[in-house]
Each structure stands twice: as structure tokens, then as C-alpha cells.
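Below is one structure, written out as C-alpha cells, with a few remarks after it.
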Amino acid sequence: MASVNTTATHKFVIVLNEKSPVGKLFSATGQLAMSLLNDATEEQRANMSFIPLRDPNSSNLLTVTSCSFVVLKGTAGQLLSLYAKAQELGFLSAIFTSTMSYNGIEEDLILKTANTPLDQVEPYGISLFGQIEELNPLTKKFSVFK
């Protein structure tokens, strides 16, 4: 039986734009988390420490990570700076912006995102995965999203 990892070396961080509409932030959070899993290498996936949670009949109810999963808040400028730094340092990261918000026409979403520079969008959120001691210095100025 798997147990919660009390000696985790890695964590997930999502930083949301405190000025964005809450509905957009909920969507962004899900998309950001899924993007990290999709883009992770085999080694990164192993470090994500997934464990199944089962009911008394052994049916899988949910698979969770035993790593810390922190949701923080910041301004648009802070999010863009953090994303740029994460990319520069080679962290597994993703960004969800206003051009990615589904408007009913997938092709427009793809083209709009591909043709709009990041400094011209509203960032709804970014996600990061990595070693705790490497992520903490990048995220210490952000506060917990409540």
C-alpha cells in the first residue's frame, strides 16, 4: 500500500493572476496542471510521485501526487517575469493566457496564441514543477491564493 511521501524533494507550483476572473483561473489551473504532466520526462513523472486512492472495493477514486501542490497569486507582470525565469533556468513550466481561453473556435485559439507575443496578453497563470530548493527562491515573493 502506498503512503504519502513525507520526504518529498519536488513540488508543483501554480501562480495565478490575482486580477483575472475566477472562472478563467479555474480553467487555467486545470490546463496548467495537465500540461505539466503531459510535458514531463519519464524522470520528472517518477518524481511527481503519483499514488492511487481507492475505495473499500479497490476501485480507483483518484490518483494524486504526494508532492506539495501550492497555488499562489501575483500580478500579470510578476507572472510573465517568473515564466521567463523558469524558461531560462530550464524548469518544467507552462503558461495559460487570455489568447488560450476557449471561445468556441479552436482554430482561432491556436492562431491567436501563435501570433500574439506574451507581452501583449493577460497571463491567467503559470505552473512549475521541480526540486523544492530550486523553486522556493523563485516563488518566495508570492503569497498563497485564498
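The values are calculated or read from the model by the stated rules, or taken from the named source; none is laboratory data. Just so it is clear, the model here is predicted, and its values are computed rather than measured. Positions of Cβ are generated from backbone atoms using ideal geometry, with glycine treated the same way; all protein chains shown enter the neighbour counts. Side chains included, ligands, DNA and RNA excluded: accessible areas come from the protein's heavy atoms. Shrake-Rupley method; radii C 1.70, N 1.55, O 1.52, S 1.80 Å.
Candidates are the residues of the stretch 116-146 that are buried (at least 18 other Cβ atoms within 10 Å of the Cβ) and in a strand (DSSP E or B); the one that is nearest to the chain's Cα centre (by Cα) is SER127.
In the stretch 48-73, the residue that is farthest from ASN17 (Cα to Cα) out of those that are without any contact (Cβ under 8 Å) to a residue 60 or more places away in the chain and polar (S, T, N, Q) is ASN57. One residue stands out in the stretch 17-52 among those that are in contact with a Leu (Cβ under 8 Å, 6 or more places away or on another chain) and under 24 Å from LYS73 (Cβ atoms): the one that is surrounded by the fewest Cβ atoms within 10 Å (Cβ to Cβ), namely ASP39.
Among the residues of the stretch 15-34, which ones are part of a strand (DSSP E or B) and of a type in the set (S, T, N, Q)? Break it down into steps so the answer makes sense when it comes.
Initial filter on the stretch 15-34 (part of a strand (DSSP E or B)): 15-17.
Matches in the stretch 15-34: ASN17 only.
With the requirement that a residue be among the hydroxyl-bearing types (Ser, Thr, Tyr), modelled with pLDDT of 90 or more and either over 21 Å from SER81 (Cα atoms) or more than 22 Å from the chain's Cα centre (by Cα) (or both), what does the stretch 96-115 give you? Hits for the stretch 96-115: nothing passes. Has the stretch 74-95 got any residue that is without any contact (Cβ under 8 Å) to a residue 24 or more places away in the chain, in a loop (DSSP other than H, G, I, E, B) and more than 19 Å from the chain's Cα centre (by Cα)? Within the stretch 74-95, none of the residues are without any contact (Cβ under 8 Å) to a residue 24 or more places away in the chain, in a loop (DSSP other than H, G, I, E, B) and more than 19 Å from the chain's Cα centre (by Cα). When you scan the stretch 77-97, do you find a residue that is more than 21 Å from ALA8 (Cβ to Cβ), open to solvent by less than 70 Å² (accessible area, probe 1.4 Å), touching a Leu at 6+ places or on another chain (Cβ under 6 Å) and of a type in the set (Phe, Trp, Tyr), even just one? For the stretch 77-97, residues more than 21 Å from ALA8 (Cβ to Cβ), open to solvent by less than 70 Å² (accessible area, probe 1.4 Å), touching a Leu at 6+ places or on another chain (Cβ under 6 Å) and of a type in the set (Phe, Trp, Tyr): present.
Could you look through the stretch 44-73, keep only residues that are charged (D, E, K, R) and within 15 Å of the chain's Cα centre (by Cα), and pick out the one that is nearest to LEU109 (Cα to Cα)? Spell out how you get there, then give the answer.
At the first step, the residues of the stretch 44-73 found to be charged (D, E, K, R) are 45, 54-55, 73.
Retained after the next criterion (residues that are within 15 Å of the chain's Cα centre (by Cα)): 45, 73.
Working: ARG45: 28, LYS73: 25 Å.
Here the answer is LYS73.
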